[in-house]
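The values are calculated or read from the model by the stated rules, or taken from the named source; none is laboratory data. Everything quoted here is computed from the prediction, not taken from an experiment. Every residue, glycine as well, gets a Cβ built from its backbone with ideal geometry; the counts of neighbours run over all protein chains shown. For the accessible areas, the whole protein counts, side chains as well, though only heavy atoms, and no ligand, DNA or RNA atoms are used. Shrake-Rupley method; radii C 1.70, N 1.55, O 1.52, S 1.80 Å.
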Amino acid sequence: MIASDAYNYVNVLEAASNASWARNNVISNNIANVDTPGYKRKDVQFESYLEMELIRGGTLARRVSEVNLDQIRPVIYTDQASLSYRMDGNNVDIHTENTYLAENQIRYKYLINSMTQEFSRLRTAMTNPSA
């Protein structure tokens, strides 16, 4: 995390991309355990925590600057622990996991692209102060 108000958006995007990376690892683990008896799928909760921080009043810039990223961490949880698709107690559906993986990869690429664009805007502002 970069300690400057100029990087508030970058810091939020970085936290979101880290959560997306964690989700990618969790989904990959779910896929790897598709045939493990008794395995329960896991997921990551982050976006709802970030949303709760960002729904406060004021401008978007102010809300982003006031987000306490030290308090918002991705949380890995067991999803629908009482549900089983098979007799062996496993609740991982490979097709659903592959869909989640593809969705998450798109989200991650979007977040990285957004960070790149934010750095580009900052670079433009620093190299062309009259703009």
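Inside the stretch 105-123, can you point out the residues that are of a type in the set (Ser, Thr, Tyr) and either within 17 Å of the chain's Cα centre (by Cα) or closer than 13 Å to Val12 by Cα (or both)?
Tyr108, Tyr110, Ser114, Thr116
Using the structure shown, decide if Asn68 is assigned to a loop (DSSP other than H, G, I, E, B), loosely packed, with under 12 Cβ neighbours inside 10 Å and touching a residue at least 12 places away in the same chain (Cβ under 8 Å).
On the way: assigned to a loop (DSSP other than H, G, I, E, B): yes; loosely packed, with under 12 Cβ neighbours inside 10 Å: yes; touching a residue at least 12 places away in the same chain (Cβ under 8 Å): yes.
Answer is yes for this residue.
Answer yes or no as to whether Glu14 is out of contact with any His (no Cβ under 8 Å at 6 or more places or on another chain), modelled with pLDDT of 90 or more, open to solvent by 50 Å² or more (accessible area, probe 1.4 Å) and over 24 Å from Ala125 (Cα atoms).
Numbers: out of contact with any His (no Cβ under 8 Å at 6 or more places or on another chain): yes; modelled with pLDDT of 90 or more: yes; open to solvent by 50 Å² or more (accessible area, probe 1.4 Å): yes; over 24 Å from Ala125 (Cα atoms): no.
It is false that Glu14 is out of contact with any His (no Cβ under 8 Å at 6 or more places or on another chain), modelled with pLDDT of 90 or more, open to solvent by 50 Å² or more (accessible area, probe 1.4 Å) and over 24 Å from Ala125 (Cα atoms).
Only one of Arg62, Arg107, Arg86, Arg123 is part of a loop (DSSP other than H, G, I, E, B) and open to solvent by 50 Å² or more (accessible area, probe 1.4 Å). Can you tell me which?
Values: Arg62 fails: part of a loop (DSSP other than H, G, I, E, B); Arg107 fails: part of a loop (DSSP other than H, G, I, E, B); Arg123 fails: part of a loop (DSSP other than H, G, I, E, B).
Testing whether each residue is part of a loop (DSSP other than H, G, I, E, B) and open to solvent by 50 Å² or more (accessible area, probe 1.4 Å) leaves just Arg86.
Could you please let me know if Arg56 is basic (Lys, Arg), assigned to a helix (DSSP H, G or I), modelled with pLDDT under 90 and more than 20 Å from Ile27 (Cβ to Cβ)?
The answer is no for Arg56.
Within the stretch 78-131, can you find the residues that are of a type in the set (Gly, Ala, Ser) and at negative phi?
Just the residues of the stretch 78-131 that are of a type in the set (Gly, Ala, Ser), to begin with: 81-82, 84, 89, 102, 114, 120, 125, 130-131.
Correct list: Ala81, Ser82, Ser84, Ala102, Ser114, Ser120, Ala125, Ser130, Ala131.
For Ile76, indicate whether it is under 13 Å from the mean Cα position of the chain (by Cα), assigned to a loop (DSSP other than H, G, I, E, B), modelled with pLDDT of 85 or more and of a type in the set (Val, Ile, Thr). First the steps, then the outcome.
Working: under 13 Å from the mean Cα position of the chain (by Cα): yes; assigned to a loop (DSSP other than H, G, I, E, B): no; modelled with pLDDT of 85 or more: yes; of a type in the set (Val, Ile, Thr): yes.
When the stated conditions are applied, Ile76 does not pass them.
Run Ser48 past the list (1) assigned to a helix (DSSP H, G or I); (2) at pLDDT 90 or above; (3) buried (at least 17 other Cβ atoms within 10 Å of the Cβ) and report the number of the one that doesn't hold.
Only one criterion in (1) assigned to a helix (DSSP H, G or I); (2) at pLDDT 90 or above; (3) buried (at least 17 other Cβ atoms within 10 Å of the Cβ) is unmet by Ser48, namely (3).
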